[in-house]
Amino acid sequence: MAAGDASAGSRRGARKRGTPALTAPNKERAEAHGWVERVAEAEGFSRRLAGVRPGGGDEEVVLDLVTPEAAPFAVALVAETLARRGDGARLWVLCEEARDQDRVHAELGVWGFSALYLPRLSAAEEGLADPDVLAERAAVLEAWRRAGSGNGGAAVLVLGADGLAEAAPAAPVFAQTED
């Protein structure tokens, strides 16, 4: 997991307009998100998450000994800490396996965070990728480009680790979509 750079942030309950990371206002999601907030404030986790808080610098954050089943919750802790900064930070969540990518993305919603899901390219025998997947990837990358710009919340992208080596549309393609 990697995070954006640090800047001045906000305190709990003092998020900027448009920054709540909750995906739905229902009671269950709010309660689940409350657990994320409480654990992020606990002394042991707070100390480990210091690198992503305002003034924490670009320190590496290591949440070791996290079981695969708890990985989405650990990601939610980091996302919560980034959201509190209020600077539109970005969080890249790299997953080795496709099923882990699916699970992390789905469970982030349980903990009250919306995240973008970058589908993996699956090439056919001829080496051509599915045009629908390419279009979906382009849409997700455009949403990622716009995410975090001005809303103060943390933008979360869940992708396969192999996705870092996959081709992406050039930046001018996205600039054309703004017109």
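Being in a loop (DSSP other than H, G, I, E, B) and out of contact with any Gly (no Cβ under 9 Å at 6 or more places or on another chain) is the filter; apply it to segment 160-179 and report the residue that is modelled with the lowest pLDDT.
Asp179
Is it the case that some residue within segment 78-91 is under 20 Å from Arg137 (Cβ atoms) and either buried (at least 21 other Cβ atoms within 10 Å of the Cβ) or in contact with a Leu (Cβ under 6 Å, 6 or more places away or on another chain) (or both)?
For segment 78-91, residues under 20 Å from Arg137 (Cβ atoms) and either buried (at least 21 other Cβ atoms within 10 Å of the Cβ) or in contact with a Leu (Cβ under 6 Å, 6 or more places away or on another chain) (or both): present.
Take Arg84 and decide whether it is within 17 Å of Val156 (Cα to Cα), in a helix (DSSP H, G or I), at pLDDT below 85 and out of contact with any Lys or Arg (no Cβ under 6 Å at 6 or more places or on another chain).
yes
Of all residues in segment 92-146 being in contact with a Lys or Arg (Cβ under 9 Å, 6 or more places away or on another chain), touching a residue at least 60 places away in the same chain (Cβ under 8 Å) and among the hydrophobic types (A, V, I, L, M, F, W, C), which is farthest from Val52 (Cα to Cα)?
The residue in question is Ala98.
For (1) part of a helix (DSSP H, G or I); (2) at pLDDT below 70; (3) exposed (fewer than 13 other Cβ atoms within 10 Å of the Cβ), each residue gets a yes or a no:
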| residue | (1), (2), (3) |
| --- | --- |
| Val104 | yes, no, no |
| Gly109 | yes, no, no |
| Leu121 | no, no, no |
| Asp132 | yes, no, yes |
| Leu141 | yes, no, no |
| Gly150 | no, yes, yes |
| Val158 | no, no, no |
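Looking at segment 97-136, which of its residues are over 16 Å from the mean Cα position of the chain (by Cα) and charged (D, E, K, R)?
Glu97, Arg99, Arg120, Glu125, Glu126, Asp130, Asp132, Glu136
Tell me yes or no: at least one residue of segment 56-65 is surrounded by fewer than 17 Cβ atoms within 10 Å (Cβ to Cβ), more than 29 Å from Lys27 (Cα to Cα) and either modelled with pLDDT of 90 or more or touching a strand residue (DSSP E or B) at 6+ places or on another chain (Cβ under 7 Å) (or both).
no
Of everything in segment 25-51, what is more than 14 Å from Ala79 (Cβ to Cβ) and at pLDDT 80 or above? Give them in sequence order.
Scanning segment 25-51 gives Ala30, Glu31, Gly34, Arg38, Glu41, Ala42, Glu43, Gly44, Ser46, Arg47, Arg48, Ala50.
The values are calculated or read from the model by the stated rules, or taken from the named source; none is laboratory data. Nothing here was measured: the structure is a model prediction, and the numbers come from that model. Every residue, glycine as well, gets a Cβ built from its backbone with ideal geometry; the counts of neighbours run over all protein chains shown.
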